[in-house]
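Notes to accompany the following structure.
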Amino acid sequence: MDFKEVIADAISKVTNINKEEIKQYIEVPKEESNGDYSFPCFRLAKELKQSPVNIANNIKENIKIDENTISKIEVVNGFLNFYIAKTKIAEEAIEKFNTQKEEYGKSNMGEGKTVLVEFSSPNIAKPFHIGHLKTTIIGNSLSKIYKYLGFKTIRLNHLGDYGTQFAKLIEGYKRWGSEYDFSTNPIDKLAELYVRINQLCSEDESVLEECRETFKKLEEGDEYCLELWNKFKELSMQEFDKIYKLLNIEFDSIKGEAFYSDKMQEVIDLLEKSGKLEESQGAKIVNLEDQGIETPCIIQKANGTSIYATRDLAAILYRARTYDFDKCIYVVGEEQTLHFKQVFATAKYLGLDKKYTDGLEHVSYGMIRLPEGKMSSRKGNFVKVEDLLNEAITKSKEIIKDRDIENKDLVSKQVGIGAVIFEDLAESRIKNQVFDLKEALNFNGETGPYIQYMAVRTKSVLDKAGYIPDEKIINFNKITDELSIRILKYLSNFQNTIISSMEKNEPSIISKYLIDLAKTFSSFYNENKILCDDKELQDARLYITYMTKVTLTNGLGLLGIEVPEKM
């Protein structure tokens, strides 16, 4: 039963106002004392030409509603507060869960629609540092969320394997390559080389110009440049794969910018055909002032080389033709906001169906900072993700070393990796973050390990009981106490939480939900004896425990976090 639907229908019959209009204003009060649902009557004041208080009183006096469903209605300062019968809350929550059980929260709302999620996208020949961690974790979670809601979801890794930085590395290798042993820690050596050549470029403009010319040679297929470029790429992918394995992340497609190098001419031709391509100081640009963007989109530099906007446009063409997508999400830092505004605006001139250009969406996120400030691979100031993940695993193992756990290696990995992932997803993605591993591993805080522990506790209770009750025999009258009703309300809202997370591309909505659910279960567990002499009461409380286990496990899974067998 949709309680909002019931309330909206009853109000509509009193006011003669469209039910759907009323339903969209019905809300869940922040304070439990204000009921289960509330309708703000000031929304109708203009239309009914009455004060909100008079409207509320009139509706209360004339509304016809089943008392077995709505036990009480109160008027408070122009608000109509509705109290759902507690047995009905219990009945509805359990019946909703029973339709899906282990797949609780799933939906087919996205059936027939395709969503592309581009995420991670590290740069070749550079260490995978925590600046890439947020895109990787957010993108992985979003792809899981969309898939859980029935969308065909394609996971894309758009590698940064093209551009002037590779020319810089090639130039650095020419000058100092013989000084380095690339057989051990090759990415670290390449990072040192990159810092060194950048320093020289900042000191000598002629060296930077040489790098630009080298990139032109790379684009033209120079054999020596291509050989080095392929070598850098192979070494990098070996490191990236280690990290993806630790995070348990896979991709449906891994293609670098270079894949689109032979597809860029079509972009230029289409833009010329549209009449939007202009020449400016030798470069080719698209003026976007008619779309409210003052800065033009550069398509080709004055020296004839491409820019990553051109490759992104070529990728849009390729993806539209290959995947026929409904939405294409780019999980990229907020510093690239202008770039994506320019690219998405320019894409409208490629002759694509409006469906594709309307479906382009930049999902931005804030910066991750070290305590001493912003990271920079040019300056060599970064934290490698592999080091961070291994440190989290090591510290987790230290925390659980004295516990009675059989597979400590597996559990410490699940807890350590889960702690890092949850720390990244605990707050709004656009919020800047100082990464604190110590806080992330706090088993008693609002953390991943805390939620994992609560999920493990639910399993422990069920294991001790030795059974999961048959839902058909649950006596709803046994679970009308405050804590039982509170947790059942949370459980009922799981799918809505997932949908909200999808609509806002915001995994932290699920993170916050799981923290609240875990805390609520902790109170329920501490205040209620689950295994007791009253069999009906035990069955009812055990079933709530089972519902909580499934919901916590599924919710953590949507974030990319595993639940250990024991903790």
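When the stretch 186-209 is examined, which residues are found to be in contact with a helix residue (DSSP H, G or I) (Cβ under 6 Å, 6 or more places away or on another chain) and farther than 9 Å from Gly172 by Cα? Pro186, Ile187, Leu200, Cys201, Val207, Leu208 - these are the residues of the stretch 186-209 that are in contact with a helix residue (DSSP H, G or I) (Cβ under 6 Å, 6 or more places away or on another chain) and farther than 9 Å from Gly172 by Cα.
Checked against the criterion of being at positive phi, buried (at least 16 other Cβ atoms within 10 Å of the Cβ) and not β-branched (Val, Ile, Thr), the stretch 480-500 contains not a single residue that satisfies it.
Residues that are more than 21 Å from Ile499 (Cβ to Cβ) and touching a residue at least 24 places away in the same chain (Cβ under 8 Å): find the helices (runs of 4 or more DSSP H) completely inside the stretch 16-115 holding 2 or more of those.
45-48, 52-62, 86-98
State yes or no: is Gly373 at pLDDT below 95, surrounded by fewer than 18 Cβ atoms within 10 Å (Cβ to Cβ) and of a type outside the set (A, V, I, L, M, F, W, C)? Yes. Criterion applied to Lys216, Lys245 was being assigned to a helix (DSSP H, G or I) and either touching a residue at least 24 places away in the same chain (Cβ under 8 Å) or in contact with a Cys (Cβ under 8 Å, 6 or more places away or on another chain) (or both), and the one residue passing it is Lys216. Hey, any hits in the stretch 303-312 for a residue that's within 28 Å of Tyr365 (Cβ to Cβ), in contact with a strand residue (DSSP E or B) (Cβ under 8 Å, 6 or more places away or on another chain), among the small types (Gly, Ala, Ser) and not assigned by TED's automatic domain parsing to the domain that holds Lys504? Yes, the stretch 303-312 contains a residue that is within 28 Å of Tyr365 (Cβ to Cβ), in contact with a strand residue (DSSP E or B) (Cβ under 8 Å, 6 or more places away or on another chain), among the small types (Gly, Ala, Ser) and not assigned by TED's automatic domain parsing to the domain that holds Lys504.
Residues that are within 33 Å of the chain's Cα centre (by Cα) and either modelled with pLDDT under 95 or surrounded by fewer than 16 Cβ atoms within 10 Å (Cβ to Cβ) (or both) within the stretch 8-21 comprise Glu20, Glu21, listed in sequence order. Where helices (runs of 4 or more DSSP H) sit wholly within the stretch 410-510, those with at least 1 residues that are among the hydroxyl-bearing types (Ser, Thr, Tyr) occupy 448-465, 482-492, 494-503.
For the stretch 213-225, residues that are within 14 Å of Lys168 (Cβ to Cβ), surrounded by 15 or more Cβ atoms within 10 Å (Cβ to Cβ) and either out of contact with any Ser or Thr (no Cβ under 8 Å at 6 or more places or on another chain) or modelled with pLDDT of 90 or more (or both) total 4. Taking the conditions (1) within 24 Å of Ile254 (Cα to Cα); (2) surrounded by 18 or more Cβ atoms within 10 Å (Cβ to Cβ); (3) at pLDDT 95 or above in turn, Ser306 satisfies each one other than (3).
Looking only at residues in the stretch 66-99 that are of a type in the set (Val, Ile, Thr) and crowded, with 16+ Cβ neighbours inside 10 Å, the one that is farthest from Asp470 (Cα to Cα) is Val75. Only one of the listed residues (Ile430, Ile405, Ile421) is touching a residue at least 60 places away in the same chain (Cβ under 8 Å), of a type in the set (A, V, I, L, M, F, W, C), surrounded by fewer than 21 Cβ atoms within 10 Å (Cβ to Cβ) and under 21 Å from Ser508 (Cβ atoms). That residue is Ile430. Restricting Glu92, Glu118, Glu74, Glu103 to residues that are of a type in the set (Asp, Glu) and touching a Leu at 6+ places or on another chain (Cβ under 7 Å) narrows the list to Glu118. Can you confirm whether Leu208 is closer than 19 Å to Lys301 by Cβ and assigned by TED's automatic domain parsing to the domain that holds Val332? Taking the combined requirement at face value, the residue satisfies it. Of all residues in the stretch 180-212, those that are buried (at least 16 other Cβ atoms within 10 Å of the Cβ), within 12 Å of Pro127 (Cα to Cα) and either hydroxyl-bearing (Ser, Thr, Tyr) or free of Cβ contacts under 8 Å to residues at least 12 places away in the same chain (or both) total 2. Listed by first and then second residue, the pairs with beta-carbon distance under 6 Å, at least 6 apart or on different chains, first residue in the stretch 332-350 and more than 18 Å from His158 (Cβ to Cβ), second surrounded by 18 or more Cβ atoms within 10 Å (Cβ to Cβ) and among the β-branched types (Val, Ile, Thr), are Lys348/Thr357.
The values are calculated or read from the model by the stated rules, or taken from the named source; none is laboratory data. As the structure is a prediction and not an experimental result, all values here were calculated from the model. As a convention, Cβ positions derive from the backbone with ideal geometry for all residues, glycine included, and neighbour counts pool all protein chains shown.
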